[in-house]
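Step one of this worksheet: look at the structure below.
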Amino acid sequence: MEPRTPLSRERRWRWWEPVFWLLALAAPLVLPGQALIINTMAITALFALSLDLILGYAGIVSLGHAAFFGLGGYAAALFAKHVMPDPLVGLVVGMGAATLLGAVASLTILRGTDLTRLMVTLGVGLVLLELANRFDALTGGADGLQGVVLGPVLGRFEFDLSGRTAAWYSLSLLLLFFLLARRIVQSPFGATLKAIRDNRLRAMAIGIPVTLRLAQVYTLAAALAGAAGALHTQTTGFASLDLFEFHRSADVLLILVIGGVGWLYGGILGAAGLMLLQDRISSVTPQYWMFWIGLFLVLLVLIGRDRLLRPWTWFGGRNA
């Protein structure tokens, strides 16, 4: 029974977690004027959650995670425009397309060094970006795919201009996928991922199927990124080449730097923190907001996340 104790302890909900999710789900009602940004936060948090599965728990660094985000977004948008406007079915289609790409792309990250994986994942994203640009008759090219109209969620909840339905839709799915990810990382499967992250050779020596585990988690992360992309196009009614751009992969890495890797709430809190920071600073200094964001990130790296939140420890030495 002793080896099971850490996993069973991790599965327990802390007192603040239900409060956090209740406040998140109540936010579109309490702050109706901020529903659109809440929706964007939820989608970005889901995207960050998907990257944290491979970066924080499996140790796979990726600069092309936007490839899955973009493919899921375009698949859902094309399905809604040409086949069926049901948002949940479109979500499944977007996830399915990203899952297939993730299964194929997982073969490319099983060999080589971290630098090799960085370049390969970046290359996958650039290839999809160019394909979406070339096949402009299907994707709209540089003009984007317009005219994406969705039906009501569950046949009852129409998407409104205020964005409240979109916010609840995205928040509900974020919670659902968070519970799935939590269950996975706190299972024996998740324990093997951490073992691979810490020491791949040792994991192979004790009989863990390293290749299979990495392929599985990479495919799962691709599916969640595809879901985030599908939510983005469904709630905005528009898909563009921007879905595949490098800055999306870079931004989500910054989010995990801010919130913390290897902690599922890190992506959620990092997404909310960075987007609120961007919104507030850009409203005060529209021309120089990127300077202040950059300064904040420099301080975060130099001082550390924990110490940055406790300024009184900055000059007290490392053990303060």
**Message:** So with the 1.4 Å probe, I'd like the accessible area per residue for the chain, rounded to whole Å².
**Reply:** 51 Å²
**Complete:** Reduced to Cα centres, the span from the stretch 173-191 to the stretch 256-288 in Å works out to 23 Å
**Prompt:** Ranked from highest to lowest mean number of other Cβ atoms within 10 Å per residue, what is the order of the peptides 33-40, 230-237?
**Reply:** 230-237, 33-40
**Message:** As an exercise, take the mean of 1/r over every pair of distinct alpha carbons in the stretch 155-234, invert it, and state the Kirkwood radius in angstroms.
**Reply:** 14.8 Å
**Request:** Summarise the accessible area of the chain (1.4 Å probe, protein heavy atoms) by the percent that is carbon and sulfur.
**Result:** 67 percent
**Asked** If one computes the Cα centroid of the stretch 11-37 and of the stretch 73-105, what distance in Å separates the two points?
**Response** 27 Å
**Request:** Rounded to the nearest 500, what is the 222 nm mean residue ellipticity of the chain from helices alone, with -39500 (n - 2.57) per DSSP H run of 4+ residues and division by all residues?
**Result:** -23000 deg cm²/dmol
**Fill in**
In cubic angstrom per residue, the convex hull of the stretch 198-273 built on its Cα atoms measures 116 Å³
**Prompt:** Any idea what the relative contact order of the stretch 69-128 is, in percent, if you count C-alpha pairs under 8 Å spaced at least 6 apart?
**Reply:** 29 percent
**Estimated distance in nm for a label pair at Asn199 and Leu295, the labels positioned 7 Å out from Cα along Cα-to-Cβ** = 4.5 nm
**Prompt:** Among rounded, prolate and oblate, which fits the stretch 59-180 when a ≥ b ≥ c are the square roots of the eigenvalues of its C-alpha gyration tensor, a/c under 1.5 means rounded, and a/b larger than b/c means prolate?
**Reply:** oblate
**Complete:** With every protein chain in place, the accessible area of Thr192 for a 1.4 Å probe, in Å² rounded to the nearest 10, comes to 30 Å²
**Message:** Which log10 I(q)/I(0) values does the stretch 118-206 give at q = 0.18, 0.24, 0.25 Å⁻¹ under the Debye formula, counting every alpha carbon as one identical point scatterer?
**Reply:** -0.98, -1.05, -1.07
**Positive minus negative residues near Gly141 (Lys, Arg vs Asp, Glu; Cβ under 14 Å)** = -3
**Asked** Is the stretch 24-85 rounded, prolate or oblate when judged by the Cα gyration tensor, a ≥ b ≥ c being the square roots of its eigenvalues, rounded requiring a/c under 1.5 and prolate requiring a/b larger than b/c?
**Response** oblate
**Request:** Write down Rg/Rh for the chain, rounded to two decimals, with Rg from the C-alpha atoms and Rh from the Kirkwood relation over Cα pairs.
**Result:** 0.97
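The values are calculated or read from the model by the stated rules, or taken from the named source; none is laboratory data. Not measured: the values here are computed from a predicted model. Using ideal geometry, Cβ is built from the backbone for each residue, glycine included, and neighbour counts are taken over all protein chains shown. What goes into the accessible areas is simple: the full protein's heavy atoms, side chains included, and nothing from ligands, DNA or RNA. Shrake-Rupley method; radii C 1.70, N 1.55, O 1.52, S 1.80 Å.
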